[in-house]
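Here, each number is a calculation from the coordinates, and none is a lab measurement. Given the structure is predicted, the values throughout are model-derived calculations rather than measurements. Cβ sites come from the backbone with ideal geometry, for glycine too, and all protein chains shown count toward neighbours.
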Amino acid sequence: MALASTLYDFQLSLSNVDREVEQQLSFKVARHPSERLERVWLKVLAYCWQWEERLGFGPGLGDPDAPDLETRDYTNLVTRWVRVGKVDPAKIQRAVDRNANAVVVVLFESEERQAAFLAEAATLKTSRLAKAELAAVDAEFLRQLAEVDERRIKATVTLSGDHFYVDRGGVTLDGPLVRASFR
């Protein structure tokens, strides 16, 4: 029998200073049995960074071609397509091609992973990746967020400039958001 996913309940107070977003968010994230808690937090940080009305979580690891997060307009057209973690440049180029009207975003779990992605993309000559928005968070920041494995998480997430601040239970963690572009 296959193991079931674990649900994590997030209650977040989101403040994105640059975009003038102040939201109280309540959502659940399913953690696949093969998924590390760092990846769950990476999806949550991507959700906070890209937050907009109708942004929702995708089907997860069960569908490798689906985004981790997406926004659809009222006509069901994808307007934002987000992947996190280790991704294949060819798949991101396909996402750009298939979702011409969407913002395609990738959030990596480290600057090293982002650099490896860019190097692989350069060898594959995936020229349309320039349309994708690429960023990475600090691996140590993710590790610290995942140190406490709680099923109910109440936190404050603040984005200011290209920097995350997460306050959970009186402990504040912070880490940079490092942007990159494919040329």
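Some notes on this structure:
- Unit charges on C-beta of K, R, D, E only; dipole of the chain, Debye: 540 debye
- Ranked by the mean number of other Cβ atoms within 10 Å of their residues, highest first, the peptides 84-93, 146-155 come out as 84-93, 146-155.
- Among beta bridges identified by DSSP and lying wholly in the chain, the antiparallel ones come to about 65 percent.
- Principal-axis tilt of helix 89-98 within the chain, Cα atoms, nearest 10 degrees: 80 degrees
- Max mean-square fluctuation residue, GNM over the chain, Cα-Cα springs under 10 Å, options Val104, Val171, Val21: Val171
- Likely footprinting exposure, Glu111, Glu20, fewest C-beta neighbours within 10 Å first: Glu20, Glu111
- Spread of Cα-to-Cα distances over 5 Å intervals beginning at zero, given as percent, for the chain: 1, 8, 17, 21, 21, 17, 10, 4, 1, 0
- Placing unit charges on each Cβ (+1 for Lys and Arg, -1 for Asp and Glu) gives the chain a dipole about its Cα centre, and among Trp49, Leu14, Leu118 the Cα reaching farthest toward its positive end belongs to Leu118.
- Cβ-based exposure ranking for Leu45, Leu37, in which fewest neighbours within 10 Å come first: Leu37, Leu45
- Most mobile of Leu14, Leu124, Leu134 in a GNM of the chain (Cα contacts under 10 Å): Leu124
- Build a GNM of the chain with springs between Cα atoms under 10 Å apart, and of Tyr74, Tyr165, Tyr47 the one that fluctuates most is Tyr74.
- Folded to 0 to 90 degrees: helix 111-124 orientation relative to the chain principal axis, Cα: 20 degrees
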